[in-house]
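*Asks:* Take this structure first; my questions come after.
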Amino acid sequence: MTAEPRTTEQRPLVLGLAEREVRRQGPLAWLVAFARQSPLNVLALILILLFLFLVAFGSALAPHDPVKPNIQVKLHPPSSTYWFGTDELGRDILSRVMSGAKYSLGIAFIILSIALVIGVLVGALAGYLGGLVDEVLMRVTDLFLAFPALILAMAIAATLGRNLQNVVVALTAVYWPWYARLVRGQVLAVKEREFVEAARAVGASPGRVMLRHILPNTMAPVIVQLTIDVGYAVLATAGLSFLGLGAQPPLPEWGTMIAGARTFFREAWWYISFPGLALTLTVVGFNLLGDGLRDYFDPRSRQ
Amino acid sequence: MVIYLIVRRFFFLVFVLLGLSLITFTLSHVVPSDPARMIAGPRASPEAVEKIRKDYGLDRPLYEQYIRYMSGVVRLDFGESLSSRRPVNQDLKRYLPATVELTLYAMLFAVVSGIPLGVLSAVKRNSLLDAVTRTVSVLGLSIPSFWLALMLQFLLFAQLGVLPDGQRLPIGVKEPPTITTLYTVDALLSGQFGLFLTALKHLAMPAFVLGFGSLAIVTRMVRSGMLEVLGQDYIRTARAKGLEQKTVVIRHALKNALLPAVTVIGLQIGLLLGGAVLVEIIFSWPGIGRYAFTAIQNFDYNAVISVTLIIGFAYVTVNLLVDIMYVLLDPRIRVV
Amino acid sequence: MAERYPEHYLTLLLKARAGRLTRRQVLRWGLRLGLSTPAIMSLLAACAQPEGGAAPTPTSAPAAGASPAPGATSTGERRLSENREFVILFSGGVPDLDPQSAYDNQASALFLACYEMLIRLKGESTFDYEPMLAREWSHNDELTEFTFKLAPNAKFHDGTPCDANAVKASFVRFRRMERGPYNVISRFVDNPEEQIEVVDPTTVVFKTPKPEPLFLAAIASEYGPLVVSPAAMEQHKTADDPYAHEWFAQNIVGTGPYRVVEALPQERFVFERFPDYHSEPPFFDRIIARVVVEDATRRQLMESGEAHGCAYIHPEDLLAMKDNPAFQVIEYDTTEVDWIRMNYVKLNAKARQGFAYAWPYQEVIEQVLRGYGKPINGPIADTVIGYDPSIPTYTTDLEKAKQLLTEAGIKEGDTFTYLFASGDATDSAMAQLFQANLAQIGINLELQQMDRAAVIELNYGDTPPEERPHFTSSGWWPDYNDSWNQMYPNFHSDSVGSKGSNSSFYQNPEVDKLMDQLKVAKTEDEIRELTGKIVKIMTWDDPAAIFYGQITRATVLAKDIRGFIPNGIYIASYNFHQMWREAM
């Protein structure tokens, strides 16, 4: 849980087929096909669309000011005015949960984007060039993998200061090696394939071969992994914030809210329940999507 | 093969430990902070602070401090903790067993319930049981451990009062004599059955929370492994030969499906050791995760580096063991 | 049997003196032991209260309603519990166990179990004293000579006697080691070798060059003037560490009623009754102090009955626990004032006045502190000598704040920084309320949360004032009942930056001058006048901080704990030697 990302099944995916399907059908038709495969996929899509919607419009649609205290109504139980109740400063928890999506989820996207860029760069170089470069890069990668993730993240966040930027730095340091490893494996598998050989044979430059022929064909497992990791990154961000190392008050980040609720949860069950529920549902959404995608891309499970 | 693996891994281990110590050391020393001030306390005079800085060698150049520290580590001397004022060794001796015991029970829970769940859910694919199992495993991966821990504390301790809220034993209860350092085992070995139950009760909630994620992973691994194996020719053949379902499942399918599960279980142990921080904090569990967290907050360099090294060491070692087991279990696999 | 009388007699006498025996019990025990009539009469005289008195006082101290009706039967007999273990909870670790070096109130709470001052504050009073290591004390009329008569049978936990020489050696160590709270002694004793005289094995005299009306107050402080074993110091000192501080930081050798059996600084401390204690043996066999960092867990441990005392409970939880019949919530007024320091270098006087008007005073006292505090007009609590009630208190006035801030040259949209230690729900709530108030007048407040260690480093380290935040949440109470002792380390220009605790670099020449006069003030009137002048400047003319409340503290005890007496100077401490548990 928390910062430890994978160790879910890591078997290499056989691709090509599914990918070509997406290209042929167009994304919308593909979505429909994907949703048809399993009701769980539908649930995943609904949850993710809901939370993505909140990332974009949560703050704007919040019924109350998520930040401004209104201490006269502190720790108010759920009611028709405050659907999810209020916190110790009288702020509407529904509004805070809604506008918190962009911190909890948004930060996860940023972390994974950066981790992906570094991971792809390192993994592609190592896999393509091989030899000493590969050895050095992969040993450094392994070193970071051996680091106790949460402790590394805690040390970085505590050292650099408590805010969301440093959580990004800390968790990027935790996540990039996984992508480096994954991409390297895929590059190794793809680089000897016929179409790559063919491209080389017609005299394409190494850079072109890499960008046009190898990398695109390594992306499907990376995408599956990314989907699952969004969930884990959300959990890790919230975990660090829960420890006080991430988002600072009055930001309505979900982990920070749960930490704040700890002092009051005996008297106000709603305060701790709703941010935790939002967190869980977000991660459920991405986990289900990841599972769905894996099954979808994996021909073995399509009998 | 195994020898080669071990030698290679040994060099890697040395490399990892050096790397970890260097990174952590640098990290903790670029902090614009002054542990001497921390030791001296808020109301201390500048002279007192200066004196402490000298006493602890904190006024020496960084590389000198690093070399001094590492030459101690080689002799298994991790220096003195600045916040507990005791040798880190002593602290580790005290806190590591708590984490190990918690991790073992978490894994035990994950394995004992994860494997049967995975098998049943694969054999009865698409049944109600399968749906429930899959839901549980998705939840296991999705629920934030700290939130689950707090909710359970609220429910099982504050509301129902059926389980203690944390710690290894109630305050004031005497610990069992140290034999294995694991309270439950020591209590049994010394014949204190009541104490064993008490310790077990204290383990229940934290081990469940910590193990829940692993349970999900183990279940999924076993389920998908079983599905794959059950679909293969030799199983079909066995079935066609009229072998009983139970025999097929246990003798043929499970054995083959367990192999990937072994890897995952091994990896999980390595990860849990370092991942118990949040659970330990919430359940006041006196383990090294909590120790590391306190140390980080107090700029207690020696303690932070030591914990990082220990967990890194455990992680690499467990990985090695898993690889060896893999080679032994499945001669087809060649480890590069 | 005859020789045993004196011993029994002594025990009975001590018990009677401590108010732990009723007259009837004394009579019964005295007769049973076959004591002579005069002896019994003298014992009866020692009993604190007449038989059948309305509310028998549990201890020798006048515990004016502090502890709820003690568990006595109608005859005044105590129903003592079989459970003689007392478990208290701390909110953080205690890494330094050297009483002449450690300077925080959790450490001193521990020290009161195992170390002793010469005298201690009596009951709830902040200026009356009672015996501790010294049985009697006196001073000359000029207040330049203070004589202490020690308990003749006092022993350290290492078995060595605690005589006048030991006491002197301990004070020499305290003064010369110059660690932590040594200002408590150095103000009065600069040359301990000369100024402290050993008259005979049980008599020690402190001489001061000028009259010192506050000497007894300082000597009763729980910060520093505790007596440590010189024999242990000799045994464990090294060339680098002549006072054996390293050893004392981890070991305890005092004269107190309890000796330490286990010390795990970040986890727990276990004390056991010291059999050779020089006074009446305390009730509890064992005292366990447990470090529990999380607010919620401390409350849970109290509720599960595993812990029996905690002085660190969040106000919101206190309100809930007050309704729970399993607890006594003992509230007491303190000498602590909490404040928000304002950076003197980065904010001019007008700006500081403006910000002081923007603070949400009423909301903080009522909704955040939940009544565990009251408005105050400056750094001096109304329980401290020198408090001046004529100085007005700020109330929130955003219009006025805005006007003053504009005059100070602050524009809408300007951003200021506010630092507080992480993990404190109260601090966080206050900060956010202040932030919201400022937002209403167009000022941004950026909240910075840091670990306690980092806050200490930033406050008391060498960081120049320009790099420090605009606002820092903090608070203080004096080591002893004295306004100078409260203000000097915090607001004198001698104490700026790493030289003391003046972390906001407050430097007002007028205040400096007045404080120097206050230090040598001879009469209470003089102290009042000077303190009033200083407070007026620091609150209104040239504000040093937002003084938002005088703190009310609360100690939560299990319902069967008796004899606890809170004290506004010994904040969050326990009078272990007088406490007991009633059988229920």
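The values are calculated or read from the model by the stated rules, or taken from the named source; none is laboratory data. Note that this is a predicted model, so its numbers are computed, not measured. Please note: Cβ atoms are built from the backbone with ideal geometry, for glycine as well, and neighbour counts cover all protein chains shown. For the accessible areas, the whole protein counts, side chains as well, though only heavy atoms, and no ligand, DNA or RNA atoms are used. Shrake-Rupley method; radii C 1.70, N 1.55, O 1.52, S 1.80 Å.
*Asks:* Could you grab me the full set of residues in the range C:273-302 that are among the hydroxyl-bearing types (Ser, Thr, Tyr) and more than 12 Å from chain B (Cβ to nearest Cβ)?
*Replies:* Residues satisfying the conditions are C:Tyr277, C:Ser279.
*Asks:* Also: Counting residues that are away from chain B (no Cβ under 13 Å), which helices (runs of 4 or more DSSP H) fully inside the range A:134-207 reach at least 2?
*Replies:* Of the helices (runs of 4 or more DSSP H) lying wholly inside the range A:134-207, those with at least 2 residues that are away from chain B (no Cβ under 13 Å) span A:164-191, A:194-201.
*Asks:* Taking only the range B:103-136 into account, find how many residues are polar (S, T, N, Q) and open to solvent by 70 Å² or more (accessible area, probe 1.4 Å).
*Replies:* Residues meeting the conditions: 2.
*Asks:* Answer with yes or no whether C:Phe283 is in contact (Cβ under 8 Å) with a residue 12 or more places away in the chain and closer than 30 Å to C:Pro478 by Cβ.
*Replies:* It is false that C:Phe283 is in contact (Cβ under 8 Å) with a residue 12 or more places away in the chain and closer than 30 Å to C:Pro478 by Cβ.
*Asks:* Also, I was wondering about something else. Could you check B:Glu175 against (1) without any contact (Cβ under 8 Å) to a residue 24 or more places away in the chain; (2) closer than 17 Å to B:Pro286 by Cα; (3) open to solvent by less than 30 Å² (accessible area, probe 1.4 Å) and say which number it fails?
*Replies:* In the conditions (1) without any contact (Cβ under 8 Å) to a residue 24 or more places away in the chain; (2) closer than 17 Å to B:Pro286 by Cα; (3) open to solvent by less than 30 Å² (accessible area, probe 1.4 Å), B:Glu175 misses (3) alone.
*Asks:* I would also like to ask the following. Among what's in the range A:274-288 and is touching a residue at least 40 places away in the same chain (Cβ under 8 Å) and more than 7 Å from every other protein chain (Cβ to nearest Cβ), pick the residue that is nearest to the chain's Cα centre (by Cα).
*Replies:* Filtering the range A:274-288 for residues that are touching a residue at least 40 places away in the same chain (Cβ under 8 Å) and more than 7 Å from every other protein chain (Cβ to nearest Cβ), the one nearest to the chain's Cα centre (by Cα) comes out as A:Phe286.
*Asks:* Sticking with this structure for a sec: Which residue pairs have Cβ atoms closer than 9 Å, lie 6 or more positions apart in sequence or on different chains, and pair a first residue in the range C:150-171 that is in contact (Cβ under 8 Å) with a residue 60 or more places away in the chain with a second residue that is of a type in the set (Ser, Thr, Tyr) and assigned to a helix (DSSP H, G or I)?
*Replies:* C:Cys162/C:Ser170
*Asks:* Exactly one condition in (1) surrounded by fewer than 24 Cβ atoms within 10 Å (Cβ to Cβ); (2) within 18 Å of B:Phe109 (Cα to Cα); (3) facing another protein chain (nearest Cβ under 8 Å) is false for B:Leu271; which is it?
*Replies:* (1)
*Asks:* Output the residues belonging to the range B:275-292 that are surrounded by 24 or more Cβ atoms within 10 Å (Cβ to Cβ) and in a helix (DSSP H, G or I).
*Replies:* Listed by number, the residues that qualify are B:Gly275, B:Val277, B:Leu278, B:Val279, B:Glu280, B:Ile282, B:Ile288, B:Gly289, B:Arg290, B:Tyr291, B:Ala292.
*Asks:* Look through the range B:219-253, keep the residues that are among the basic types (Lys, Arg) and either open to solvent by less than 90 Å² (accessible area, probe 1.4 Å) or away from chain A (no Cβ under 14 Å) (or both), and return whichever of them is nearest to B:Met107 (Cα to Cα).
*Replies:* Among them, the one singled out is B:Arg220.
*Asks:* Hey, another quick one. In the range A:102-119, is there at least one residue being within 12 Å of chain B (Cβ to nearest Cβ), open to solvent by less than 10 Å² (accessible area, probe 1.4 Å) and part of a helix (DSSP H, G or I)?
*Replies:* There is at least one residue in the range A:102-119 that is within 12 Å of chain B (Cβ to nearest Cβ), open to solvent by less than 10 Å² (accessible area, probe 1.4 Å) and part of a helix (DSSP H, G or I).
*Asks:* Would you pick out the residues in the range A:246-273 that are at the interface with chain C (Cβ under 9 Å from one of its Cβ atoms) and in contact (Cβ under 8 Å) with a residue 40 or more places away in the chain?
*Replies:* A:Gln248, A:Pro250, A:Gly260, A:Thr263, A:Phe264, A:Glu267 - these are the residues of the range A:246-273 that are at the interface with chain C (Cβ under 9 Å from one of its Cβ atoms) and in contact (Cβ under 8 Å) with a residue 40 or more places away in the chain.
*Asks:* Related question: Any idea which residue in the range A:43-98 is least open to solvent (accessible area, probe 1.4 Å), counting only those that are among the aromatic types (Phe, Trp, Tyr) and under 25 Å from A:Thr263 (Cβ atoms)?
*Replies:* A:Tyr82
*Asks:* Quick test for you: out of C:Asp482, C:Asp462, pick the one residue that is modelled with pLDDT of 90 or more, at negative phi and charged (D, E, K, R).
*Replies:* Going through C:Asp482, C:Asp462 in turn, the sole match is C:Asp482.
*Asks:* State which residue pairs qualify: first residue within 9 Å of another protein chain (Cβ to nearest Cβ) and inside the range B:285-304, second residue aromatic (Phe, Trp, Tyr) in any location, beta carbons under 7 Å apart, and separation of 6 or more residues or different chains.
*Replies:* Close Cβ pairs (under 7 Å, with a partner that is aromatic (Phe, Trp, Tyr)) amount to B:Pro286/B:Tyr95; B:Tyr291/B:Tyr95.
*Asks:* Does any residue of the range C:383-404 turn out to be within 14 Å of chain B (Cβ to nearest Cβ), open to solvent by less than 20 Å² (accessible area, probe 1.4 Å) and not aromatic (Phe, Trp, Tyr)?
*Replies:* There is no residue in the range C:383-404 that is within 14 Å of chain B (Cβ to nearest Cβ), open to solvent by less than 20 Å² (accessible area, probe 1.4 Å) and not aromatic (Phe, Trp, Tyr).
*Asks:* Limited to the range A:44-101, what total is found for residues that are more than 14 Å from every other protein chain (Cβ to nearest Cβ), within 26 Å of B:Leu139 (Cβ to Cβ) and among the aromatic types (Phe, Trp, Tyr)?
*Replies:* 3
*Asks:* Got at least one residue in the range C:101-114 being assigned by TED's automatic domain parsing to the domain that holds C:Val167, open to solvent by 10 Å² or more (accessible area, probe 1.4 Å) and without any contact (Cβ under 8 Å) to a residue 24 or more places away in the chain?
*Replies:* yes
*Asks:* Next question. Can you go through B:Leu139, B:Leu96, B:Leu155, B:Leu182 and tell me which one is within 14 Å of chain A (Cβ to nearest Cβ) and crowded, with 19+ Cβ neighbours inside 10 Å?
*Replies:* The unique qualifying residue is B:Leu96.
*Asks:* List the pairs whose first member sits in the range B:13-28 and is facing another protein chain (nearest Cβ under 9 Å), whose second member is among the hydroxyl-bearing types (Ser, Thr, Tyr), and whose Cβ atoms are under 6 Å apart, counting only residues at least 6 apart or on separate chains?
*Replies:* Partner pairs satisfying both residue conditions: B:Leu20/B:Thr308; B:Thr24/B:Thr308; B:Leu27/A:Thr159; B:Ser28/B:Tyr301.
*Asks:* Quick check on C:Ser279: is it of a type in the set (S, T, N, Q), touching a helix residue (DSSP H, G or I) at 6+ places or on another chain (Cβ under 7 Å) and surrounded by fewer than 22 Cβ atoms within 10 Å (Cβ to Cβ)?
*Replies:* yes
*Asks:* If the requirement is being out of contact with any His (no Cβ under 8 Å at 6 or more places or on another chain), farther than 30 Å from C:Arg452 by Cβ and open to solvent by less than 40 Å² (accessible area, probe 1.4 Å), which of these qualifies: A:Val196, A:Val222, A:Val234?
*Replies:* Among A:Val196, A:Val222, A:Val234, only A:Val222 is out of contact with any His (no Cβ under 8 Å at 6 or more places or on another chain), farther than 30 Å from C:Arg452 by Cβ and open to solvent by less than 40 Å² (accessible area, probe 1.4 Å).
*Asks:* C:His157 passes all but one of (1) in a loop (DSSP other than H, G, I, E, B); (2) modelled with pLDDT under 95; which number fails?
*Replies:* Of the numbered conditions (1) in a loop (DSSP other than H, G, I, E, B); (2) modelled with pLDDT under 95, the odd one out for C:His157 is (2).
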